[in-house]
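A quick write-up on the structure given underneath.
The values are calculated or read from the model by the stated rules, or taken from the named source; none is laboratory data. Please read all numbers here as calculations on a predicted model, not as lab measurements. Using ideal geometry, Cβ is built from the backbone for each residue, glycine included, and neighbour counts are taken over all protein chains shown. These accessible areas exclude ligands, DNA and RNA; they are computed on the full protein's heavy atoms, side chains included. Shrake-Rupley method; radii C 1.70, N 1.55, O 1.52, S 1.80 Å.
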Amino acid sequence: MHAPVTQDVHTIPRRLPEGGPVNLVGLTRDALRDALVGIGVSEKQAKMRVNQVWQWVYHWGVRDFDAMTNLAKGFRADLAEHFTIELPEVVSRQVSSDGTRKYLVRIAGGHEVETVYIPEEGRGTLCVSSQVGCTLTCSFCHTGTQRLVRNLTAGEIVGQVMLARDDLGEWPERGAANDPTGRLLSNIVLMGMGEPLYNFENVRDAMRIVMDGEGIALGRRRITLSTSGVVPEIVRTAEEIGCLLAVSFHATTDEVRDRLVPINKRWNIATLLDALREYPKATNSERITFEYVMLDGVNDSDADARRLVELLDGIPAKVNLIPFNEWPGAPYRRSSNNRIRAFATILMQAGYASPIRTPRGEDIMAACGQLKSATERARKSRAQIAAEAGL
Ligand code: SAH
Ligand code: SF4
């Protein structure tokens, strides 16, 4: 049986979006299709219209329906009546002496998150937040001291990438090819505020939008998702996103990891390593990055380095040593440079690349683990922080 012939009559709305105009930013291709059909676009034309609107929004960075010149005027008016193309608001932008840019971003409800752009030789990385605050309470992490938590929508996650491209002036000129080489914003790390795997669907949808070849078109190997170790979602990350994986490892015994990364009490080191062994096979991807924050006298001994080497056996891995970044009230100190170098040497002698991460944007509190909404008032006390760190 043939599908009934429908006409592309966009003046007769069918399913009107409820509750005012819908923001198109963050809708998956399927959701965008449904939205367009909902305002009267025919099934037959839906695919083409999705492609057109998609390219305007994600390839050209257009925010005004009137600029979508390959769409009929009437259709543009319909779109403007029912939809918006909106990014979260940039409340402030700070630029570090090393060129790092930190954006304070306001999302619906007045909540704030931070997004950090880190320029490097030949590439530029955007550190994207996935939640306001974090439900987890890693004792060395500033974000973990923030009580208020909400998941970001897919639109708010993609929106961070788009607002950074706005600021960098990186949308292509009309007529230019969609060429991802030589971009200022060439890589994304999901290492801002929040635990991305506790907001899996929205992070996945946002990354699929970012990877889509007819839009921002960043390849899956240019995206790294960092997790504290939400084991059940690791395999889903491989299957449904396929990006690179980083894991906040930070300790070599369950006893210490329980204190530093409390999710370890739920999924311990052995369980986490089992999941990680499967990850590269599932994605046909590259090495997993083990993030390891260097805390003076806590996890930085030679014995730790040697245990780490044993634990990594059989996993294609590299280790990223992160000198601890201090924040007001933090219950730890950064390991000395000599200690960090000695730790790195043991890893390197065992054949693991183990770069020491240079803190970026420290002068504007943009470095790893320093992010926290400036307006967040319900801060934990020093005593509470110390108690959670088991001190
Ligand atoms: N929630 C995710 C992603 C965000 S944190 C995760 O935990 O993996 C990004 C990285 O910064 C993590 O490896 C985290 O452990 C690390 N980090 C947190 N606080 C830090 C601090 N004060 N100094 C250095 N690194 C820190
Ligand atoms: Fe959350 Fe990651 Fe910070 Fe832990 S390190 S509190 S998981 S943001």
query = Can you work out the FRET efficiency for the pair Glu43 and Ala72, with r the C-beta to C-beta distance and R0 = 22 Å, to the nearest 0.05?
reply = 0.75
message = Using only Cα atoms and rounding to the nearest 10 degrees, what angle (0 to 90) does helix 43-54 make with the longest principal axis of the chain?
response = 50
request  = With a probe of 1.4 Å, find how much accessible area segment 196-250 has per residue, and write the answer as a whole number in Å².
outcome  = 28
remark   = Between the Cα axis of helix 200-211 and the main Cα principal axis of the chain, the angle (0 to 90°, nearest 10) is 70
message = Run the count for the chain, please: Lys pairs, Cα-Cα under 29 angstrom, 8 or more apart or on different chains.
response = 12
inquiry  = Taking a ≥ b ≥ c as the square roots of the Cα gyration tensor eigenvalues, with a/c under 1.5 meaning rounded and otherwise prolate when a/b beats b/c, else oblate, which class fits segment 22-84?
reply    = rounded
request  = At 0.36 nm per residue, minus the direct Cα-Cα distance, what do Asp313 and Asp254 gain on full extension? Give it in nm, one decimal, please.
outcome  = 19.5 nm
message = Need one number: nm distance between label points at Glu239 and Thr135, each 7 Å from Cα along Cα→Cβ, rounded to one decimal.
response = 2.1
Long-range Cα-Cα pairs in the chain (distance over 35 Å), rounded percent = 30
ask   = Once the piece of chain linking Thr181 and Asn337 is laid out straight, how much longer is it, given 0.36 nm per residue of separation minus the C-alpha distance between them?
value = 52.6 nm
ask   = If you take the beta carbon distance between Arg221 and Asp302 as r and set R0 to 30 Å, what does 1/(1 + (r/R0)^6) give as a FRET efficiency, to the nearest 0.05?
value = 0.35
key: Stretch gain in nm, segment Ile356-Leu168, where the contour uses 0.36 nm per residue and the Cα spacing is subtracted   = 64.9 nm
ask   = Relative to the longest principal axis of the chain, what angle (0 to 90°, nearest 10) does the C-alpha long axis of helix 302-312 take?
value = 40
